[in-house]
Each structure stands twice: as C-alpha cells, then as structure tokens.
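Undergrad: Mind looking over this structure? Questions follow.
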C-alpha cells in the first residue's frame, strides 16, 4: 500500500516540553502468569511467518511476551480513535466539553453541501458513539466505508450506528475548539509524559491528502486534509508498540498511574459500554471510541479494543489483567493476510494454561 500527499504544515516540535522520564518495563516468566512458554514460541513463529512487525503481551503490568522492534513507530490507523477517547474523558471531567451539546450549539458545519437542520441536532455523545446521522464526505475514508455509508438524511441523530470517519474527524476538531490545544500536544502533556512513554514526543505536521506525491511524515502525528471532501482533517498518529502497551495498561488500571487519576474511572466505564452491537454472532460492539466485547454472565468488567486496518490491535482484557499490542509495518508496501491476524489471536488464547 502507498499513501500520497504533500506536507503543507510546519513541524511543531516539543522542544518546549521538558524531557520525560521513560517508564521502566518489568518482565515475568509466562508460567508465573498462567501462560505456556512453549505455546508462546508457536506464536512467535507465526508472527515471523505472517509478516508482523512487533507484539507485546502484558499481564498485570508485566511483559510476558515481547517480539520484534517494539520501539519502532508505525502509523496506528483507526486505533487513533482510542487515543482520542482518553482526551475526551479528561476534557469532559474538567468541564471543557458537554456531551449533550449539539453541532448547532458548537457552531460546527462543513463545506457544501453543508449540514441540514436535522444533522445539526447531532450531539457530541452521538458522534462519540458513531451514531451522528451525518453522512457528509470526510477525509481518510476508504472504499469499505463508502460502500456501507447510508444516504444523507437516512437516519436521525442517535438512531443508527455507522463507523463514520466524519464523526471521528469532527470530534478531533471539537476537542481542539473546546480545549484550545492541539490533539498531539494535549496527548503528550496529559498522557505520554505522565506515563513515561519512550517514543511519542508530540511532533506533528499537516499534509494535503489530495496532492499527488509526498514524503511520508516521520513525526508522531499529522493532520490529513482533503479540502474537497470536508473542512475537518483526519488526525493520524504514529506510535510504537511499547508506548501503546503503556496506554493500554493505563486503561486496564482504570485510569490510575503512579497513584494519580489521569483518566476518570467513570468515563472508562461509560465509554466501554456496548452501545451498538454490530456483530452479534461474534459478540462485537461499539462503545465510545472503543470497540467492546459484549459481556456475558461471567464478565466482571467489559473487555475493549481497537484495530487498525483490521491487522493492528490494542486490546485490553480486564478480567485476564491482559494488555495486547500487535503491529504491522503498513507505511510502505506490505503483505499481511488478515486471516493470519485471527490465527494470531487464536494462538494467544491457546497459550493460556488451564483455560
């Protein structure tokens, strides 16, 4: 796969930020956490053969499996929505964002054909659940999204779930409008620096997603504008597996880090409710900027995750005290069979002893 564009923004370096202290990872033998070393070796062989880039498995904060270059930053694709989740939780807690506010009240609109009166009734809460009912063109939309996108005016706000990049991109703009901060700098100060992330420094640029050629940004983030489609850019992140693992651990620990509540606990619970069950057969649903496993009678706390391109994954499984990160280098031409992704999940599940 190749992505073409031109950098049009100015690099914003976080030299204005003081150096952050890197988190010291701890390690444990798989057997001490109920996993088989031999079966994890089978997982390792699979990752090598399938073309994965890196993977980390953490149990209760300890790494029991680490493979590949876990410090290499890759584009995280749709996992960017899960990154936005934490920033919304913080801003809501501070009173900067009211999820009952409508697009009309926020003075949010888009290029022609602009939003209808009914679309302007969509609330922030509807966008967070990807149920806005706004089916305007958007930046960074793939063909699969276009095929499934309803005709404009088909549904009222809050009525229908559709995985909608217009909702996600516009949420980024709303966050910046209401907080007065860039997504990337806010994530650095509020999340990356307190957690001691190793690789995310908060640098970013803007690019023209409709230009013919470009040098792919090597920054931690970039706004992708497609101004013939929408005024709101997609906000892409580039992160390492080990930094994503720290992010997952923060959610596993209910938003607490070093005895400080970074993300409100009630927001984590509220945003990991399965509001929209889109795959009843497999028990998959959407919450607020997280995909959620539908709970059963044995569930103590909902599991949640997000994927990117269907092959990257950050998964948080509270009942197993597990955080999992899987990466593929998708920034240049690559070959990875999505069926191998499901085989990877199966091998991980099978590595648990006494299931």
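The values are calculated or read from the model by the stated rules, or taken from the named source; none is laboratory data. This one's a predicted model, so the numbers in the text were calculated from it and none came from an experiment. Virtual Cβ from ideal backbone geometry, glycine too; neighbours counted across all protein chains shown.
Undergrad: Select from the stretch 143-174 the residues that are part of a loop (DSSP other than H, G, I, E, B) and in contact (Cβ under 8 Å) with a residue 60 or more places away in the chain and write down the one among them that is nearest to the chain's Cα centre (by Cα).
TA: So in the stretch 143-174, the residues part of a loop (DSSP other than H, G, I, E, B) come out as 149-164.
Filter again for in contact (Cβ under 8 Å) with a residue 60 or more places away in the chain, leaving 161, 163.
Details: 161: 18, 163: 13 Å.
Among those residues, the one meeting the criterion is 163.
Undergrad: Hey, could you check the stretch 33-48 for residues that are touching a residue at least 24 places away in the same chain (Cβ under 8 Å) and not in a loop (DSSP other than H, G, I, E, B) and say which is surrounded by the fewest Cβ atoms within 10 Å (Cβ to Cβ)?
TA: At the first step, the residues of the stretch 33-48 found to be touching a residue at least 24 places away in the same chain (Cβ under 8 Å) are 33-36, 39-40, 42-43, 46-47.
Pick out the ones that are also not in a loop (DSSP other than H, G, I, E, B) and you get 33, 35, 39-40, 42-43, 46-47.
On the way: 33: 20, 35: 22, 39: 16, 40: 19, 42: 13, 43: 23, 46: 17, 47: 22.
If we take residues in the stretch 33-48 being touching a residue at least 24 places away in the same chain (Cβ under 8 Å) and not in a loop (DSSP other than H, G, I, E, B), then 42 is surrounded by the fewest Cβ atoms within 10 Å (Cβ to Cβ).
Undergrad: State the number of residues belonging to the stretch 129-156 that are in contact with a helix residue (DSSP H, G or I) (Cβ under 7 Å, 6 or more places away or on another chain) and over 14 Å from residue 230 (Cβ atoms).
TA: Of the residues in the stretch 129-156, 2 are in contact with a helix residue (DSSP H, G or I) (Cβ under 7 Å, 6 or more places away or on another chain) and over 14 Å from residue 230 (Cβ atoms).
Undergrad: Please verify whether the stretch 150-159 includes one or more residues that are at pLDDT 95 or above and in contact with a strand residue (DSSP E or B) (Cβ under 9 Å, 6 or more places away or on another chain). Walk me through it before giving the result.
TA: Narrowing the stretch 150-159 to residues at pLDDT 95 or above: 150-159.
Those still in the list that are in contact with a strand residue (DSSP E or B) (Cβ under 9 Å, 6 or more places away or on another chain) too: 157-158.
Checking the stretch 150-159: at least one residue is at pLDDT 95 or above and in contact with a strand residue (DSSP E or B) (Cβ under 9 Å, 6 or more places away or on another chain).
Results for (1) closer than 30 Å to residue 121 by Cβ; (2) touching a helix residue (DSSP H, G or I) at 6+ places or on another chain (Cβ under 7 Å); (3) surrounded by fewer than 24 Cβ atoms within 10 Å (Cβ to Cβ), shown as yes or no for each residue.
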position: 158; (1), (2), (3): yes, yes, yes
position: 173; (1), (2), (3): yes, no, yes
position: 189; (1), (2), (3): no, no, yes
position: 210; (1), (2), (3): no, no, yes
position: 229; (1), (2), (3): yes, no, yes
position: 232; (1), (2), (3): yes, yes, no
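Undergrad: Return yes when residue 339 is touching a strand residue (DSSP E or B) at 6+ places or on another chain (Cβ under 6 Å) and either surrounded by 17 or more Cβ atoms within 10 Å (Cβ to Cβ) or more than 29 Å from residue 255 (Cβ to Cβ) (or both) and no when it is not.
TA: no
Undergrad: Next question. How many of the residues in the stretch 96-142 are loosely packed, with under 14 Cβ neighbours inside 10 Å and within 19 Å of the chain's Cα centre (by Cα)?
TA: Here the count works out to 1.
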